[in-house]
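Participant: To start, I am sharing the structure in question, which I have written as structure tokens.
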Amino acid sequence: EDAAQALESLFGDNCSEVAVQLAHHFTQAEQSDRAIEYLYQAGCEAHRGLANTEARSHYQAALDTMDKPGAELDFADQHFRQIRLDIRIALADILVLEGEFSEARTLYEVALETVAAGERLQAVRLHSRIATTHERDHQHELALLSLQQAAERLEDGFDDSNAEELHEWITIRASRLWLYYWQADLEGMAQVIEE
């Protein structure tokens, strides 16, 4: 704990540079909450640097720490709920890149179950990511079903003047177009193009 606090004091706002070391020290000090924060930061830094194996290791360590008996984390706390959600999504994104579609899909589905009711766009994005895992696994009908779920979730209160919502609307249609292309479904493609 003393070593971790010394590093935090020394690096100040640049603690992400030593996130791996801080995660290690806080893990050894059995301060799970602080260890998770820095494991997540270390994962993000590695992910940004395209060091996917390293990022995966840090994200998985963070999830393992969260699930460890006696971790004493308050998952009613919005901050830790959000970190757990972000870690699952980030780890799943890496698994997709590594071709582990089924494992990624499981993480996305668990994340989807924990999305707060008001986080409609987050749910839409997760449905779209699930569709991607099906599409990469050549399960086109399941991918279309996931995109349909994304579209239905988005349409509930859809605001086409909101750039983020419009982006998701277009992304869903572009994904559907691609799936119809693979299925040689010209009618489906024409319908999406018309939309």
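The values are calculated or read from the model by the stated rules, or taken from the named source; none is laboratory data. None of the values given here were measured: they were computed from a predicted structure. Because the Cβ atoms are built from the backbone with ideal geometry, glycine has one as well, and the counts that use them run over all protein chains shown. Note: accessible area is taken over every heavy atom of the protein model, side chains too, but ligands, DNA and RNA are not part of it. Shrake-Rupley method; radii C 1.70, N 1.55, O 1.52, S 1.80 Å.
Participant: Keeping to segment 25-50, report how many residues are farther than 18 Å from Phe80 by Cβ and assigned to a helix (DSSP H, G or I).
Facilitator: 6
Participant: Can you tell me which residues in segment 85-136 are open to solvent by 30 Å² or more (accessible area, probe 1.4 Å) and of a type in the set (Phe, Trp, Tyr)?
Facilitator: Correct list: Phe101 only.
Participant: Hey, any hits in segment 172-185 for a residue that's over 22 Å from the mean Cα position of the chain (by Cα) and exposed (fewer than 11 other Cβ atoms within 10 Å of the Cβ)?
Facilitator: For segment 172-185, residues over 22 Å from the mean Cα position of the chain (by Cα) and exposed (fewer than 11 other Cβ atoms within 10 Å of the Cβ): present.
Participant: Could you check Glu152 against (1) under 15 Å from Ile170 (Cα atoms); (2) touching a residue at least 12 places away in the same chain (Cβ under 8 Å); (3) surrounded by fewer than 17 Cβ atoms within 10 Å (Cβ to Cβ) and say which number it fails?
Facilitator: Against the list (1) under 15 Å from Ile170 (Cα atoms); (2) touching a residue at least 12 places away in the same chain (Cβ under 8 Å); (3) surrounded by fewer than 17 Cβ atoms within 10 Å (Cβ to Cβ), Glu152 comes up short only on (2).
Participant: Let me ask another. Just checking: which of the helices (runs of 4 or more DSSP H) contained wholly in segment 51-167 hold 2 or more residues that are among the aromatic types (Phe, Trp, Tyr)?
Facilitator: Details: elements: 52-67, 78-97, 101-114, 120-136, 140-155.
So the answer is 101-114.
Participant: Inside segment 25-56, can you point out the residues that are surrounded by fewer than 15 Cβ atoms within 10 Å (Cβ to Cβ) and within 15 Å of the chain's Cα centre (by Cα)?
Facilitator: Matches in segment 25-56: Arg48 only.
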